Amino acid sequence: MIEGRDRLASSEGRDVALECVEAGIEAGHPRRVVRDAVAIEGDHLRIADETYDLAEYEEIVVLGGGNAAAHVAVALETVLGDRIDRGIVVTDDPVETEAVTVREGDHPVPSERGVDGTRALLEAADAATEDTLVLAAITGGGSALMAAPAGDVSLADLQSTTDALLASGADIHEINAVRKHLSALKGGRLAHRAAPATVASLILSDVVGNDLSVIASGPVAPDESTFDDALAVLERYEIDAPDAVIDRLERGVGGEIAETPGADDPAFETVSNHVVADGMTVLEAARDAAVERGYETLVLSSRVRGEARDAAATHVAIAEESRATGTPVEPPAVVLSGGETTVTVRGDGTGGPNQEFATSAALELGSGQDVGTDRGITVAAVDTDGIDGATDAAGAVADGTTVEDPDAARAALAENDVYPYLESREGLIVTGPTGTNLNDLRVLVVR
């Protein structure tokens, strides 16, 4: 899975860290997740703890989008076979399917081809009737991939607003509050378009806490955010959004545009949402891999968030305490966490949150008089979709030997340009698209 793995695994700590990364990503792949969550039992379809009588429906349709959506479609086709009549998913990781049409889009910034694919997706939703069972494949990355600019908002308006939000340090709840109110699909509007069909969603969550209204901006979930919330986010982060964006949000605040549908909307009477995988899925698999290698383990949290470099300092402090005193876990140990950190972009470089996490951790580990010395702690941090920021790297692996010149590492962080720095230090983890998206995974190996 990891390109140049033998080269990266230059120590036992690195080898164990990479093994945990691979195990975590593999556990979240739709082929495994759907196999465990979905089954045909006679004429009934079971999804998690809910059962659907297929005799009640004239057609089964797969609709959705996200980094892993095409893989979910393939897994559903494996289970349901020719029972699936049609479908459309929008993704940046296409694979061959039988009955479901795969349309390509782009992530993390929406594109014209994503708009075209989403338009076809909405038309397919409009064609659903009360005799349709819609299986909604909703995964991380869906907010950007299922692009449907609403009203007078153009794709260019959406792109510039998305770019500014991603660089602002805003969290995913804030970012998606804006995106939902600029979209014809997000914030429950896809469910509204599919009504009165029965909708059963299979959700692979990349959101801390699994808030259904935030995962892929909640296309089939009720929404409690408002136009006022969206406008407040732009003001809070001093984002100079295009006039069409501001105008739409202000008209929404004034009641000229209908709010996103809430829990009392009749469209949700026939909708059920099932989170079939999330960050804990990844952490549990990584933990099992570490145990098999003979390491004690500690899962800190699946909900770590905040600035990436600040989180790195805290994680390293915990690993150092473990190595020095055996608290909170006795070495040899693997400390794990998930969640989604952010980066407030001030420079003009290349990188991503996990790469900044690894670089900051390496600085902490290489500090003091023994610069460039292995301190017995290895750090790996990846985005499970294989795309950290807008780069081709999933993240990075680092230890006390990574930083030989602290000033160079600090300069890379100051310019948000850690990708070339880590590349020069043989630290980048490159996987390519992984077929899933279940948030970040951080592994600290304490020898």
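Here are some notes:
- This structure gives percent of Cα pairs over 35 Å apart, computed directly, and of (i) 31; (ii) 59; (iii) 23 that value is listed as (i).
- Nonlocal amide H pairs with Gly87, under 5 Å, H built at 1.01 Å: Val62, Thr101
- Under 11 Å, Cβ to Cβ, from Asn416 - net charge with Lys/Arg +1 and Asp/Glu -1: -2
- Cα-based equivalent ellipsoid, segment 1-58: semi-axes from gyration tensor eigenvalues, Å: 42, 10, 6
- Residue-wise HN-Hα couplings along segment 130-144, as the Karplus relation 6.51 cos²θ - 1.76 cosθ + 1.60 with θ = phi - 60° gives them from phi, are 5, 9, 9, 9, 9, 9, 8, 8, 10, 9, x, x, x, 4, 7 Hz; Gly and Pro carry x.
- When DSSP beta bridges are restricted to pairs lying wholly in segment 47-204, around 10% turn out antiparallel.
- Considering only the chain, percent of DSSP beta bridges that pair antiparallel, nearest 5: 45
- Net charge of Cβ neighbours under 13 Å - reference Gly254; Lys, Arg +1; Asp, Glu -1: -3
- Expressed as a whole percent, the accessible area of segment 391-447 that falls on carbon and sulfur atoms is 47 (1.4 Å probe).
- Asp131 sits among other residues whose Cβ lies under 10 Å from its own Cβ, and their net charge, with Lys and Arg +1 and Asp and Glu -1, is -4.
- Every pair of different Cα atoms in segment 1-129 enters the Kirkwood calculation, which places the hydrodynamic radius at 16.8 Å.
- Atom-type composition of the exposed protein surface of segment 240-377 places 42 percent of the accessible area on carbon and sulfur (1.4 angstrom probe).
- Remark on Glu415: its backbone amide H falls under 5 Å from none of the residues 5 or more positions apart or on other chains, H modelled at 1.01 Å from N.
- Convex hull volume per residue for segment 56-168, taking Cα atoms only, in Å³: 95
- Our summary gives segment 49-180 a relative contact order of 28 percent, counting only alpha carbon pairs under 8 angstrom and 6 or more residues apart.
- Relative protection proxy for 33-45, 65-77, 275-287, from highest mean packing down: 65-77, 275-287, 33-45 (other beta-carbon atoms within 10 angstrom).
- Rolling a 1.4 Å probe over the protein heavy atoms of segment 35-189, with every protein chain left in place, gives an accessible area that is 43 percent carbon and sulfur.
- Whole-Hz couplings from phi, Karplus 6.51/-1.76/1.60, listed for segment 42-47; x for Gly and Pro: x, 9, 10, 9, 9, 10
- Here's how it looks for Val271: its modeled amide H is under 5 Å from those of Val199, which are all 5 or more places away or on a different chain.
- For segment 411-424, 3J(HN,Hα) per residue [Karplus equation, 6.51 cos²θ - 1.76 cosθ + 1.60, θ = phi - 60°, Hz, x = Gly/Pro]: 5, 4, 5, 4, 9, 6, 10, 7, 4, x, 5, 5, 4, 5
- Average accessible area per residue (Å²) across the chain - probe 1.4 Å, nucleic acids and ligands excluded: 38
The values are calculated or read from the model by the stated rules, or taken from the named source; none is laboratory data. Since the structure is predicted, the reported quantities are computational estimates derived from the model, not experimental observations. Every residue, glycine among them, receives a Cβ derived from its backbone with ideal geometry; neighbour counts consider all protein chains shown. Surface areas here come from the heavy atoms of the whole protein model, side chains and all, with no ligands, DNA or RNA. Shrake-Rupley method; radii C 1.70, N 1.55, O 1.52, S 1.80 Å.
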